[in-house]
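Scroll down for the structure; my scribbles are underneath it.
The values are calculated or read from the model by the stated rules, or taken from the named source; none is laboratory data. In this text, all values refer to a predicted model and were calculated from it rather than measured experimentally. A quick note on method: Cβ atoms are made from the backbone with ideal geometry, for glycine too, and the neighbour counts reach across all protein chains shown. Note: areas computed on protein heavy atoms with side chains; ligands, DNA, RNA excluded. Shrake-Rupley method; radii C 1.70, N 1.55, O 1.52, S 1.80 Å.
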Amino acid sequence: FAHGGRADFRGRNGLLYCFHSAPGFAINIKTEDATFKLHEGALTVDGSFITEVHIVAETGRKGKEGELVHATFWANELNDFNTGFNMLTGFCGKRAFFLGPMRSFSCGNLVIQTKHSSATATTPEWQSTVRGNYVYDHLAGPTHRLDVSLRTVGSMMLAPGQTHGLVGQSFSTQGPHNGKRDLYPAEGRFRTSAMAEGAIEGSAEMYEVPSGDAVEFDFSRFYSKRPAAAAAGGLLLPAGEASAVDEASSETGIAVGPGAEASSGRPSRRLSEHQSDCDSDGIPDAEEGAADSDSDGKPDSRDPDSDNDGIPDTQEGTADTDSDGIPDFRDPDSDNDGIPDAQEGTADTDSDGIP
């Protein structure tokens, strides 16, 4: 939640909820039940994850009053490399679009940029980033999950009550929203139950929406006018940034959140702008994932040279030089010239700036 508030939210299996509602901009999420292990297998958790994120915005295009853009990030489109060629799809008005990694797309007020396993949607007022990741130690349910972060653009000020939704309501109120949190035991079996009680207005059922592109629910602000300072009695609030966080602690035996990962070396499911990078190669663990490209027994997220070509991932990066769908840090022949990178090395023989 914005302003440092915290609560856990399980959701009901397969239902959609309004995550954020503001004038001309909304985010809906789908939750699905999942069973997974924590604490190095000592604890079995019956929890849930976000598996769909739907972003709806007014396009603001001239002559097209009321036109909407609807973009959806799908966890079930992610593959073993934690990416997908149709991981984001949608409609700009009536025109369909499909986005894979490393793409850009704009529709009126909404601009979308994708990376290997994430997408950032930006309007003049809001910016949301969705990141795909694995469900580690998976037993049942979805194999991939989605993490969502949300912030305002620039120094935007909000009138009290201008935003709503499960997390959105925390932006336009003073002070943090804190609510019920799940406390995980160290071992055995545990079922999450928190539904953000105490942190949200009303109950979780009041935030349910019938479809991903729906913008109406009990507290909808989508078609509300943007209030001026005078209309708000002169009171405007700094919006801040919301980061839903799921954490785990093997030291105390307590974990917070439906999809928390154990501190057994796996990155915690943290929905924030600050992503863990276990091997310090500049590539987030969420992007490298659990794949072991060079079959050395270390997942890429913990391997500073994922393809074992002698060139550190920090130097190769996530570019795809030969456009073969494999990023350079995983590609043993990044320029596809038949000579392994391990043999070519990093020398720049012709001094053209390209090794």
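At-a-glance table
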{"item": "Residue 67 in contact with a Phe, Trp or Tyr (Cβ under 9 Å, 6 or more places away or on another chain), of a type in the set (Asp, Glu) and open to solvent by 20 Å² or more (accessible area, probe 1.4 Å)", "result": "no"}
{"item": "Residues being part of a strand (DSSP E or B) and among the basic types (Lys, Arg) - total across region 60-86", "result": "0"}
{"item": "Of residues in region 176-193 being out of contact with any Phe, Trp or Tyr (no Cβ under 7 Å at 6 or more places or on another chain), open to solvent by 30 Å² or more (accessible area, probe 1.4 Å) and part of a loop (DSSP other than H, G, I, E, B), the one farthest from residue 37 (Cα to Cα)", "result": "178"}
{"item": "Check on residue 346, at pLDDT 75 or above, assigned to a helix (DSSP H, G or I) and open to solvent by 60 Å² or more (accessible area, probe 1.4 Å)", "result": "no"}
{"item": "Filtered residues of region 37-59 (kept if in a loop (DSSP other than H, G, I, E, B) and open to solvent by 60 Å² or more (accessible area, probe 1.4 Å))", "result": "40"}
{"item": "Subset tally (residues that are in contact with a helix residue (DSSP H, G or I) (Cβ under 7 Å, 6 or more places away or on another chain), open to solvent by 30 Å² or more (accessible area, probe 1.4 Å) and at pLDDT below 85) for region 308-317", "result": "0"}
{"item": "Selected residue (criterion: nearest to residue 288 (Cα to Cα)) from residues of region 321-343 that are among the acidic types (Asp, Glu) and surrounded by fewer than 18 Cβ atoms within 10 Å (Cβ to Cβ)", "result": "324"}
{"item": "For residue 84: the one exception among (1) touching a Leu at 6+ places or on another chain (Cβ under 6 Å); (2) under 30 Å from residue 162 (Cβ atoms); (3) of a type in the set (Gly, Ala, Ser)", "result": "(2)"}
{"item": "Candidate set: region 198-212, residues that are open to solvent by 50 Å² or more (accessible area, probe 1.4 Å) and in contact (Cβ under 8 Å) with a residue 40 or more places away in the chain; chosen: the one nearest to residue 42 (Cα to Cα)", "result": "198"}
{"item": "Residue under evaluation residue 9, criteria (1) in contact with a Ser or Thr (Cβ under 6 Å, 6 or more places away or on another chain); (2) under 30 Å from residue 188 (Cα atoms); (3) buried (at least 18 other Cβ atoms within 10 Å of the Cβ), criterion not met", "result": "(1)"}
{"item": "Entirely in region 87-174, the strands (runs of 3 or more DSSP E) that have 1 or more residues that are open to solvent by 50 Å² or more (accessible area, probe 1.4 Å)", "result": "88-92, 95-99, 104-107, 110-114, 138-140, 144-152"}
{"item": "Where residue 186 falls short, out of the listed (1) modelled with pLDDT of 90 or more; (2) under 28 Å from residue 15 (Cα atoms)", "result": "(2)"}
